[in-house]
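Participant: Questions regarding the structure given below will be posed in turn.
Bear in mind these aren't lab numbers, they're just calculated from the coordinates by the rules spelled out. These figures come from a predicted structure and were not determined experimentally. Cβ atoms come from the backbone with ideal geometry, glycine included; neighbour counts cover every protein chain shown.
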Amino acid sequence: MLSGDVAIELWEQVRDKLRQEAGETVFENWLGLISLSSFSNGKIVIAVHSKFHKDWIEPRYGNRIRSLWHGLSKDVLSVTLVVDERLAGRSTKKSEDAASSILNLSSPLDLRYTFDKFVVGPSNNFVAAAAQRISESEDVAFNPVVIYGGVGLGKTHLMHAIAWKIRETNPSRRVVYLSAEKFMYQFVRALRQQDTMAFKEQFRSADVLMIDDVQFIAGKNSTQEEFFHTFNALVDQNKQIIVSSDRSPADLEGIEERLRSRLGWGIVGEIHQTTYELRLGILQSKVDDLKNCLVPKNVIEFLAHKITSNVRELEGALKRLVAHSQLIGRPVSLDSAHDVLHDLLRANNRKVTIEEIQKKVAEHFSIRLSDMSSPRRARAVARPRQIAMYLSKQLTSRSLPEIGRTFGGRDHTTVMHAVSRIETLMLEDSVIADDLELLKRNLEA
Ligand code: ADP
Ligand code: MG
């Protein structure tokens with residue numbers, strides 16, 4: 001018996017093979033647009049969105065597709081290509097049914113995640129403004145809207161805020177909000193129940209589709225493909241798509257190029273690391289919401305100063321502090337903050353940034369800071385630059401492309417090369433090894 005997971009897995013292999021054999025162009029325009037529709041008792045059904053499409057594919061690739069399937073599993077009995085116009089996103093008589101079940105797709109929204117609870121500062125004002133704008137206006141001016149940023153910086157909060165606001169300003173707009181993980185889960189379930197048409201139909205009848213944490217579908221090819229089709233169908237109908245991600249579309253490794261580039265078509269906004277003032281503002285607003293608990297100003301400032309990793313941890317720290325004080329019946333103070341939060345404080349101690357690394361390394365080798373990003377290739381600047389890249393990889397959680405960008409827009413392969421070069425040199429050259437040891441100690445101090 002062919003199980004759902006196996007069928008998806010096989011389908012991915014078939015697609016990969018077709019892509020190799022037919023080449024990128026044919027794949028993008030033709031073969032990449034077919035999708036696995038159902039499988040039962042070894043009968044595989046593959047759907048294309050038009051007769052034209054089918055008439056093109058069948059004589060050229062029909063038998064090849066069949067033989068690939070049969071070659072992969074003896075459980076495959078037949079492979080049929082069918083036309084399903086709903087794949088093209090055209091609305092059909094069924095779309096009303098789909099609309100009625102759309103609420104099942106959408107995840108519940110958190111009551112606390114609204115715009116008025118979202119504190120705006122320099123690190124998020126662009127994204128917040130864009131979010132406000134798209135939720136208040138019905139014309140689809142930017143499509144898709146991509147919100148990206150590190151964990152705990154407010155992506156989900158903003159997504160929910162947008163959904164709430166749209167529901168408030170225009171309740172007839174059908175908003176579907178869910179995580180990419182849930183999207184995949186629903187898709188796999190639809191495949192298993194041989195009900196992908198209903199699945200497609202439901203997603204294509206959304207007016208606003210919001211997918212949280214889209215990075216989750218990296219490397220999950222069938223889900224990506226399905227998302228890509230949904231995406232295109234909705235964009236064609238001028239429906240709004242809003243996506244969040246933990247990194248920029250350009251940095252989404254494991255996501256197909258065509259989807260990655262399409263994610264960059266509309267507006268892409270980053271939520272940056274928080275500033276001290278924003279952390280202060282967020283804490284103040286959370287404290288204002290607390291009933292019968294007083295948090296002194298110096299404690300708020302202390303937390304804003306010390307807990308810099310992200311807003312989720314900041315919030316967690318405040319909650320812990322308040323819970324502790326209520327439990328033992330003593331007011332919140334600087335002392336209790338030190339006591340209760342010592343683990344968090346230690347973890348937040350000294351997060352080195354690439355900028356600090358560049359500065360320290362430039363000083364150490366007496367070169368100009370600007371040489372860190374200049375194109376100059378003279379050994380006297382190139383080597384320190386490589387050392388700074390190496391340290392950035394070691395001491396921060398930034399990705400190779402991000403590091404490359406901070407060093408004058410260099411490619412991630414340049415960073416990779418620098419890292420391995422320095423690793424080798426450290427073994428061969430004790431002067432370099434000592435330099436690095438010293439720099440590291442200074443930076444982490
Ligand atoms: P992400 O989805 O980016 O990982 P979340 O949206 O889940 O982050 O945010 C983590 C927590 O921090 C949530 O409780 C959220 O309400 C809070 N938060 C993040 N940014 C802000 C902000 N600018 N103002 C108020 N609360 C925020
Ligand atoms: Mg989130």
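Participant: Can you give the convex hull volume per residue for the Cα atoms of the range 115-271, as a whole number of Å³?
Facilitator: Numbers: hull volume 16.2 nm³, N = 157.
It is 103 Å³ per residue.
Participant: Let me ask something else. Taking the Cα atoms only, what angle lies between the long axis of helix 180-192 and the longest principal axis of the chain, rounded to 10 degrees?
Facilitator: Approximately 20 degrees, to the nearest 10.
Participant: Grab the Cα-Cα distance for ASP246 and HIS412, subtract it from 0.36 nm times how many residues apart they are, and report the gain in nm with one decimal. Each step should come with its number before you reach the end.
Facilitator: Values: separation 166, 0.36 × 166 = 59.76 nm, distance 1.81 nm.
Result for the pair: 58.0 nm of gain on full extension.
Participant: Alpha carbon centre of the range 18-90 versus the range 132-183: separation in Å?
Facilitator: So the two Cα centres are separated by 34 Å.
Participant: For a quick size check, give me the Cα extents of the range 294-344 along its three principal axes, largest first, whole Å.
Facilitator: Sorted from largest, the Cα extents of the range 294-344 read 29, 18, 17 Å.
Participant: Taking the chain as a Gaussian network, Cα atoms linked when under 10 Å apart, which of LEU294, LEU31, LEU191 shows the biggest mean-square fluctuation?
Facilitator: LEU294
Participant: If r is the Cβ-Cβ distance from THR80 to SER397 and R0 is 45 Å, what FRET efficiency results, to the nearest 0.05?
Facilitator: Working: r = 48 Å, r/R0 = 1.07.
Efficiency, rounded to the nearest 0.05: 0.40.
Participant: Dividing the alpha-carbon Rg of the range 4-89 by 2.2 N^0.38 Å yields what? Intermediate values should be presented prior to the final figure.
Facilitator: Values: Rg = 12.1 Å, N = 86, 2.2 N^0.38 = 12.0 Å.
Taking N as the residue count of the range 4-89, the ratio is 1.01.
Participant: So what are the chain's ellipsoid semi-axes, whole angstrom, largest first, if each one is the square root of 5 times an eigenvalue of the alpha-carbon gyration tensor?
Facilitator: Working: eigenvalues 406, 213, 73 Å².
Calculated on Cα positions only, the semi-axes equal 45, 33, 19 Å.
Participant: Using a simple spin-label model with points 7 Å from Cα along the Cα→Cβ vector, what separation in nm is obtained for SER50 and GLU428?
Facilitator: Result: 5.9 nm between the two label points.
Participant: At 0.36 nm per residue, minus the direct Cα-Cα distance, what do SER172 and LEU327 gain on full extension? Give it in nm, one decimal, please.
Facilitator: Numbers: separation 155, 0.36 × 155 = 55.80 nm, distance 4.62 nm.
Full-extension gain reported as 51.2 nm.
Participant: If you average the alpha carbon positions of the range 213-280 and of the range 295-313, how far apart do those two centres end up, in angstrom?
Facilitator: 31 Å
Participant: Under 22 Å between alpha carbons, and skipping anything fewer than 8 positions from LYS297 in its own chain: which lysines qualify?
Facilitator: Counting by Cα, and skipping residues close in sequence, LYS297 has these lysines nearby: LYS117, LYS286, LYS306, LYS319.
Participant: Taking only the C-alpha atoms, wrap a convex hull around the range 354-444 and report its volume per residue in Å³ as a whole number. It would help to have the intermediate numbers written out before the result.
Facilitator: On the way: hull volume 7.4 nm³, N = 91.
In the range 354-444, the Cα hull volume divided by residue count equals 81 Å³.
Participant: I want the antiparallel fraction of DSSP beta bridges within the range 4-89, as a percent rounded to 5.
Facilitator: On the way: 5 of 11 bridges.
Looking only at bridges with both residues in the range 4-89, the antiparallel portion is about 45 percent.
Participant: While we're here: For the chain, modelled as a GNM with alpha-carbon contacts under 10 angstrom, which of ILE134, ILE387, ILE255 fluctuates the most?
Facilitator: Greatest mean-square fluctuation among the candidates belongs to ILE387.
Participant: Can you give the extra length, in nm with one decimal, that the chain gains between ASN63 and GLN13 once fully stretched, where that is 0.36 nm per residue apart less the Cα-Cα distance?
Facilitator: Numbers: separation 50, 0.36 × 50 = 18.00 nm, distance 1.60 nm.
So the extension gain works out to 16.4 nm.
Participant: Go ahead and set up a Gaussian network model of the chain, Cα springs under 10 Å, then flag whichever of ASP212, ASP84, ASP55 fluctuates most.
Facilitator: ASP55
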